[in-house]
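First comes the structure, then the notes that go with it.
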Amino acid sequence: MTIFRRSFLQSVLGGGVALSSAAALASQAENADEPFIFAFLTDTHLPEGKPDVAARVAKLIDQIQDRPHPPKLVVFGGDNVMAIDGRQSDEKVEQVLGLFKSQVMDRLRIPSLSCIGNHDIRWKDRDADKPDSYAEKRKATETYKMPSRFYSADHGGWTYIMLDTYHFNGCEIDEAQWAWLAEELSKSEQPVCIVTHAPLFSATHFLEPSVDTEKGYAIPPGWSPRGLNRFRELVQKHPRVKLCLSGHMHTCDRVDIDNVTYICGGAVSGNWWHEEEKYLGFPPCWIEVKTYPDGRWSYERQVWT
């Protein structure tokens with residue numbers, strides 16, 4: 001099936017009417033066939049000390065914004081920089097974050113949203129005496145212009161919910177987020193796109209040769225957050241949730257469960273900028289998503305070089 005044929009089917013089958021009031025439906029009808037376009041870029045892993053890569057990423061950002069039908073929003077799926085989560089010096093951390101700011105954030109002419117990936121966390125800054133301060137995530141939230149480590153924003157008749165899935169205790173949606181998410185989903189009937197770095201429901205895990213053991217598949221705990229059945233039960237109560245986007249795995253899939261579609265968006269960096277750019281057969285890519293106020297949506301995977 002071609003990508004265009006697939007996108008057409010998704011636009012037809014991707015979702016139903018999400019708003020119920022007569023006034024809202026009347027307003028939607030005027031622009032029902034005009035999509036709101038956004039670009040989903042995950043796992044850019046912008047490295048310090050590789051000017052050729054930085055130039056390629058800057059060019060990509062410009063090309064995306066200069067498309068004949070340009071996006072009105074960019075959504076980043078985390079791991080925006082190569083890594084600040086290890087033993088990098090403070091100087092190196094500032095350099096790589098400054099590079100992302102200059103080559104990406106400062107080039108954007110449109111709004112952006114981001115979530116935090118595991119490599120965006122500066123564990124060295126963690127305050128063990130004040131764990132709820134999440135000091136280890138402050139550099140990321142400031143560089144990526146995030147209002148908080150998790151938050152929501154409205155664009156094009158949809159609500160975007162950006163969740164934080166990597167913590168000192170592991171990969172999970174923490175209790176503060178559970179309470180907030182339940183309240184957020186109860187606020188309206190506007191369609192929702194949820195974005196996480198770690199995939200929620202995904203088949204990409206099974207593409208990794210290392211998980212196929214003699215005793216069956218052994219999926220590492222950091223590849224999806226704990227509490228997926230709890231998440232499913234919550235979104236079943238809120239059919240406004242139409243789409244969930246993620247990254248982390250550098251591979252692509254689509255999983256449909258109940259009335260929600262889960263898409264893992266590959267990686268802008270492909271194979272972490274290695275000479276062989278494909279990772280498990282998947283080339284560097286980003287995702288173009290079109291949404292409509294009535295809850296319909298479609299997407300196309302955009303391979304780039």
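Read-outs: derived from the displayed coordinates by stated rules, not from any lab. Not measured: the values here are computed from a predicted model. Cβ atoms come from the backbone with ideal geometry, glycine included; neighbour counts cover every protein chain shown.
Provide the packing ranking of 214-224, 156-166, 230-240, i.e. peptides ordered by the mean count of other C-beta atoms within 10 Å per residue, highest first.
Per-residue Cβ counts within 10 Å, averaged per peptide and sorted highest first, yield 156-166, 230-240, 214-224.
What the Cβ-Cβ distance of residue 237 and residue 148 gives, at R0 = 30 Å and to the nearest 0.05, is a FRET efficiency of 0.80. Given R0 = 30 Å, the distance between the Cβ atoms of residue 55 and residue 138 translates into a calculated FRET efficiency of 0.55.
Is it possible to state the helix-based mean residue ellipticity at 222 nm for the chain, with each DSSP H run of 4+ residues giving -39500 (n - 2.57), the sum divided by total residues, to the nearest 500 deg cm²/dmol? What is it?
-7500 deg cm²/dmol, from helical runs alone.
Computed from label points 7 Å out along Cα-Cβ, the spacing between residue 101 and residue 124 is 1.7 nm.
Each pair of Cα atoms in the chain enters the Kirkwood radius, and Stokes-Einstein at 4 °C and 1.567 mPa s then converts it into a translational diffusion coefficient of 65 µm²/s.
Over 20 Å apart at the Cα level, from the set 50/72; 137/290; 139/242; 101/137; 145/237, are 50/72; 137/290; 139/242; 145/237.
Over segment 147-305, the reciprocal of the mean inverse Cα-Cα separation, the Kirkwood hydrodynamic radius, stands at 16.6 Å. Expressed as a whole percent, the proportion of Cα-Cα pairs in segment 237-285 lying more than 19 Å apart is 36%. Note that segment 147-164 has calculated 3J(HN,Hα) couplings of x, 6, 6, 9, 5, 10, 8, 9, 8, x, x, 10, 9, 9, 10, 9, 9, 10 Hz, one per residue in order, obtained from phi through the Karplus relation 6.51 cos²θ - 1.76 cosθ + 1.60 (θ = phi - 60°); glycine and proline are x.
When both segment 107-132 and segment 163-236 are represented by their alpha-carbon centers, they are found 18 Å apart. The relative contact order of segment 203-305, computed from alpha carbon pairs under 8 Å that lie at least 6 residues apart in sequence, is 18 percent.
GNM on the chain, alpha-carbon springs under 10 angstrom: the most fluctuating residue among 132, 79, 174 is 132.
Remark: relative contact order (segment 35-303) = 20 percent; criterion is Cα-Cα distance under 8 angstrom and separation of 6 or more residues. Treating r as the C-beta distance of residue 215 and residue 280 and R0 as 30 Å, the FRET efficiency rounds to 0.85. Based on Cα contacts under 8 Å between residues 6+ apart, segment 133-283 shows a relative contact order of 19 percent. Annotation: peptides 86-92, 299-305, 134-140, ranked by per-residue average of other Cβ atoms within 10 Å with the highest first, follow the order 134-140, 299-305, 86-92.
Counting only DSSP beta bridges whose two residues both lie in the chain, roughly 55 percent are antiparallel. Here the simple spin-label model places points 7 Å from the Cα toward Cβ, and for residue 305 and residue 178 these points are separated by 4.9 nm.
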